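> Handing you this structure, nothing more for now.
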Amino acid sequence: MPETPVFSTAAVAAPHMAAAETGQTILAAGGNAVEAMVAMAATIAVVYPHMNGLGGDGFWLVREPKGRVHALDASGPAGSLATIKRYRDKEYESIPPRGPDAAVTVAGAVSGWGLALKLAKALGGQLPRDMLLTDAIRLAREGYRIGASEGRYGLLEREALFAAPGFADAFLVDGKLQPAGETRRAPKLAETLEQLAHAGFADFYRGDVGREIAADLERIGSPITRKDIETYQARVVKPLSVELKHSTVYNMPPPSQGLAALLMLGLFHRLDVKHGETPEHHHALIEAGKRAFAIRDKVVADPRELTPEPASFLTRDVFEKEAAMIDMRRAAPYPPRPADGDTIWMGCIDKDGLAVSYIQSVYWAFGSGCVLPSTGIHWHNRGFAFSLDPKSMRALEPGKKPFHTLNPGLGVFNDGRVLSYGTMGGEPQPQILGQIFTRYADFGMSIADAVDAPRWTFGKSWKAPSATLKVEDRFDPSLLRVLSSYGHPVEEMGKPYADSMGHAGMLVKHPRNGRVEAVHDPRSDGGSLGL
């Protein structure tokens, strides 16, 4: 059932209720939306470890009330020892997804928290850092209840995950993951968060925490060095944007796949679909997604190596050319590729209209599986996106950033509404964003119904035999029959609400009454809260 949306002067949305409660507390204490999101990011890093953590990456979109949009890239590069030769010498055909050799890239999320907090202060924020981390520290020390999402989540490369250094001590009891509802404590992580609260987020890289992280990574055999960690800093980047008939939509530049999300919307609007929840609506989105992903796979790479400029694809000429290639009665073939990844998205809009869309991840569930004993941090496996083919656009190189599925969305409507929206879901994130956005923006659904409505994703899941159009069970059978007649290989999932279809959320600031409307996904363990 759709979540009952919040209508309030300020609101937050998160996939775990503890994170939403943290954000609500910070807003009630006078914090702004960026401060609330830093606090929420710390809390969710503790209570949702299968989806994210301090050892992962993040991307921020922040819109000031007067209109300026900031983008923060908190993704890390490959370590100095991460060479193709190193992996070939170990007889790898590809980057392994689990274990020390999967811990390829520096974790950027905490540096992003620090950069975001500087922005928060510039926008009038005054809350102390230790207050922002209070909930995260308490939950790590005293314990948190394991969420239903973690309890039901399918794990890829399970044996390798459980065998990763430190994983069993941190997450297993008698060789098994604890079931949903049980309490888990993370005392070492609590100590790490306390140190960051006291010394600052830079300590994660250039202080006591950074020194312990580097020593543990070296001990387990990761290709990340102390210098790699010391020299890392999140950075301010220029957001990508596309103008639609009713709004301007923003997303992240590479290494994020935000370009694909914007291309998909731009192409969809050129197809001029008149009615929502019709075969034409969904077929147009699917086919726009295929064209967008084809461009993405030729363009999105390390930001230092971009040719041509990604923004050059977000033009009327490109949209018209690509849309003309779409047959509105026939599905185009789609090359199969893995499509898994686990992430959190959260949003916040405060009473002044400052809006945040934020995404944070360790990539696969529990990342590399490596838990660093001195700090309690589990490290991501984002480097799995690199190729060991030296001719590939995404070939592994020290200091290079991998392709990122993460992409938070932000929209500003011509009538003054401001929309913060996003989802987890790995590579299919643009598909999920396209569905919830068009349902709300083009076809008049409420945000609650847009997030609740059944979803699909196309492509080939990890180790699946073929690429299919995977659908939740609540679609009208007649709609699926038409899509099948167009050539879409429809595969019903046997679930009315599937985690693989994303944990999405939306918040809208309405200009007429100043109220914020917020909702989060019934597929997640979270919700929305307001003041």
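The values are calculated or read from the model by the stated rules, or taken from the named source; none is laboratory data. From a predicted model like this one, the values you see are computed outputs, not experimental measurements. Here the Cβ positions follow ideal geometry from the backbone for every residue, glycine too, while neighbour counts run over all protein chains shown. Note: accessible area is taken over every heavy atom of the protein model, side chains too, but ligands, DNA and RNA are not part of it. Shrake-Rupley method; radii C 1.70, N 1.55, O 1.52, S 1.80 Å.
> Please enumerate the residues belonging to the range 228-244 that are in a loop (DSSP other than H, G, I, E, B) and surrounded by 16 or more Cβ atoms within 10 Å (Cβ to Cβ).
Result: 232, 234, 239, 244.
> Another question about this same structure. Has the range 152-166 got any residue that is over 25 Å from the mean Cα position of the chain (by Cα), among the basic types (Lys, Arg) and open to solvent by 30 Å² or more (accessible area, probe 1.4 Å)?
The answer is no; no qualifying residue exists.
> So, in the range 121-167, how many residues would count as being of a type in the set (A, V, I, L, M) and in contact with a strand residue (DSSP E or B) (Cβ under 9 Å, 6 or more places away or on another chain)?
5
> Please find, within the range 358-381, the residue that is most open to solvent (accessible area, probe 1.4 Å) out of those that are more than 16 Å from residue 223 (Cα to Cα), hydroxyl-bearing (Ser, Thr, Tyr) and assigned to a loop (DSSP other than H, G, I, E, B).
374
> Can I ask one more? Residues that are among the charged types (D, E, K, R), more than 26 Å from residue 221 (Cα to Cα), open to solvent by less than 30 Å² (accessible area, probe 1.4 Å) and modelled with pLDDT of 95 or more: does the range 175-188 have at least one?
Yes, some residue in the range 175-188 is among the charged types (D, E, K, R), more than 26 Å from residue 221 (Cα to Cα), open to solvent by less than 30 Å² (accessible area, probe 1.4 Å) and modelled with pLDDT of 95 or more.
> I've got another one for you. Return yes or no: is residue 42 in contact with a helix residue (DSSP H, G or I) (Cβ under 7 Å, 6 or more places away or on another chain), modelled with pLDDT of 95 or more and either closer than 18 Å to residue 359 by Cβ or in a loop (DSSP other than H, G, I, E, B) (or both)?
Judged against the criteria, residue 42 is a match.
Let's see how each residue does on (1) at pLDDT 95 or above; (2) closer than 30 Å to residue 179 by Cβ; (3) open to solvent by 10 Å² or more (accessible area, probe 1.4 Å); (4) touching a strand residue (DSSP E or B) at 6+ places or on another chain (Cβ under 7 Å):
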site: 2; (1), (2), (3), (4): no, yes, yes, no
site: 20; (1), (2), (3), (4): yes, yes, no, yes
site: 29; (1), (2), (3), (4): yes, no, yes, no
site: 37; (1), (2), (3), (4): yes, no, no, yes
site: 59; (1), (2), (3), (4): yes, no, no, yes
site: 67; (1), (2), (3), (4): yes, no, yes, no
site: 89; (1), (2), (3), (4): yes, no, yes, no
site: 92; (1), (2), (3), (4): yes, no, yes, no
site: 100; (1), (2), (3), (4): yes, yes, yes, no
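> Taking the criterion of being within 30 Å of residue 187 (Cα to Cα), at pLDDT 95 or above and open to solvent by less than 10 Å² (accessible area, probe 1.4 Å), would at least one residue in the range 382-390 satisfy it?
Checking the range 382-390: at least one residue is within 30 Å of residue 187 (Cα to Cα), at pLDDT 95 or above and open to solvent by less than 10 Å² (accessible area, probe 1.4 Å).
> Given (1) in contact with an Asp or Glu (Cβ under 8 Å, 6 or more places away or on another chain); (2) modelled with pLDDT of 95 or more, where does residue 72 come up short, assuming only one miss?
Against the list (1) in contact with an Asp or Glu (Cβ under 8 Å, 6 or more places away or on another chain); (2) modelled with pLDDT of 95 or more, residue 72 comes up short only on (1).
> Tell me which helices (runs of 4 or more DSSP H) are completely within the range 419-531 and hold 3 or more residues being surrounded by 24 or more Cβ atoms within 10 Å (Cβ to Cβ), or say none if there are none.
429-441
> Here are 110, 62: which of them is out of contact with any Asp or Glu (no Cβ under 7 Å at 6 or more places or on another chain), outside any loop (DSSP other than H, G, I, E, B), among the aliphatic types (A, V, I, L, M) and over 24 Å from residue 351 (Cβ atoms)?
110
> Would you tally the residues in the range 399-415 being surrounded by 17 or more Cβ atoms within 10 Å (Cβ to Cβ), in a loop (DSSP other than H, G, I, E, B) and touching a Gly at 6+ places or on another chain (Cβ under 9 Å)?
Matching residues across the range 399-415 total 6.
> Report, ordered by the first and then the second residue, all pairs with beta carbons closer than 7 Å, sequence separation of six or more or different chains, a first member in the range 261-283 that is open to solvent by less than 30 Å² (accessible area, probe 1.4 Å), and a second member that is aromatic (Phe, Trp, Tyr) and in a helix (DSSP H, G or I).
Hits for this filter: 263/313; 265/437; 266/319; 267/319.
> Could you grab me the full set of residues in the range 1-25 that are closer than 19 Å to residue 49 by Cβ and part of a loop (DSSP other than H, G, I, E, B)?
15
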